[in-house]
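Please treat every number below as a calculation from the coordinates, not as lab data. Predicted model only: the values in this text are computed from it and were never measured. Cβ sites come from the backbone with ideal geometry, for glycine too, and all protein chains shown count toward neighbours.
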Amino acid sequence: MEHCLYDLRTYMKGIDPDTKVSYLHWSRINTHPDVPRVLLSKIKSILYQMFTGLQYLHEHRILHRDLKTANVLMDKTGLVKLCDFGLGRFYREGQPLSPSVVTPMYRAPELLFGIADYSHAVDVWSLGVIMAELFLKNPLMVCNGELELFQRMCEVLGGYPTEEQFPGLYQLPEAQSMLRSLTGIPPSTGPDGMRAALRSIFTKSPCVDCTILPESGFDLLFSILQWCPSQRPSARDVLQHPFFTEDPLPCCPAALLEPLPFLRAEGQHDPSATTVTTAAPVSVTSSPPSVSPGSGPTVKEDVLPSVASPLPEEEERIAREVRLLANVDEDVEE
């Protein structure tokens with residue numbers, strides 16, 4: 001089995017070991033003008049590769065049923081791969097399957113409602129949640145259990161689903177139980193309310209990466225995160241969305257293993273700078289100690305920390321100590 005460098009969860013927060021610059025996270029101290037373009041190109045590449053793999057599975061009638069960031073791997077060439085098929089099953093329309101699948105944060109609504117004859121749409125939902133996470137850098141549906149998950153879904157999508165949005169929902173016993181458990185959640189006001197609620201998740205996020213989500217990307221995400229599975233696009237439909245054909249295009253896989261371009265903000269620490277620590281002096285001499293060439297680290301002058309000037313009283317104290325030590329040196333020489 002081929003070794004892979006990262007899972008997606010680790011990669012999103014990973015840094016290049018040489019430059020100490022992130023692969024996929026835009027730090028606020030990084031003011032390089034190309035970061036938004038490069039970062040969006042990388043996210044598109046990851047998404048395109050994931051949905052390409054999912055399209056292959058679905059065309060061969062395989063449901064993964066446990067897609068999450070820990071089950072998306074990246075090898076040494078930047079190829080993205082889906083893994084862990086322990087819950088994978090062949091899919092036939094009308095064949096009942098267990099709804100107790102998929103890690104809760106990535107679980108589709110129909111699984112919460114106990115629907116057993118679900119389809120490929122459960123996998124599409126999971127990758128949609130991962131898509132949001134690539135921009136937010138945190139899980140979209142943080143929860144502890146199914147009731148909290150349903151509450152969070154309603155918050156993200158602007159209210160609990162109506163019969164018009166999910167025909168037959170209110171006849172499902174599990175759905176009725178879920179709806180009774182809600183507190184402070186109004187019914188959905190339709191597509192406009194859903195879009196506004198989902199949009200606010202990104203506008204209110206402190207993560208600067210959210211600012212690069214284009215309108216086409218938001219439209220794609222909104223089309224995936226639909227209550228009713230029949231309203232979600234297929235993996236093939238996702239790959240044909242304009243989000244992937246607009247500039248910037250998805251980068252090549254190898255570029256995913258390159259750090260983001262970096263330009264340090266004024267007054268901020270450069271992550272690629274070498275930190276130099278000096279030991280406390282043990283003697284005072286009239287000239288600096290000699291250092292043989294190549295015996296110490298090379299440090300760029302523009303990354304050295306600035307040193308504040310001492311106060312006048314401190315200057316006088318230091319001068320007295322230097323004069324005293326100089327006299328001691330003269331006595332020793334005599």
Compactness relative to 2.2 N^0.38 Å, alpha carbon Rg of the range 143-225: 1.19
Cβ-based net charge around Cys207, under 12 Å, with every Lys or Arg adding one and every Asp or Glu removing one: +2
Sites Ala116 and Tyr56 - FRET efficiency at Förster radius 25 Å, r taken between beta-carbons, to 0.05: 0.50
Overall Cα dimensions of the range 1-154 - principal axes, largest extent first, Å: 52, 37, 23
Ratio Rg/Rh, restricted to the range 1-73 and using Cα atoms, in which Rh is the Kirkwood radius: 1.05
Nitroxide proxy distance, nm - points 7 Å out along Cα→Cβ at Thr19 and Tyr170: 5.6
Cα-centre dipole for the range 60-151 with unit charges at Cβ (Lys and Arg positive, Asp and Glu negative), debye to 20: 300
Tensor-based shape of the range 94-155 (alpha-carbon gyration tensor, a/c under 1.5 rounded, otherwise prolate or oblate): oblate
Neighbourhood charge, 12 Å Cβ-Cβ cut-off, centred on Ser188 and excluding it, Lys, Arg +1 and Asp, Glu -1: -3
Label-point separation, Gln95 to Ser223 (7 Å along Cα→Cβ), nm: 2.9
Three-way shape call for the range 35-108 based on the alpha-carbon gyration tensor, with the a/c threshold at 1.5: prolate
Positive-end residue of Leu221, Phe262, Gly193, charge dipole of the range 180-267 with Cβ unit charges: Gly193
Largest to smallest principal axis extent of the C-alpha atoms in the range 111-190, angstrom: 36, 31, 26
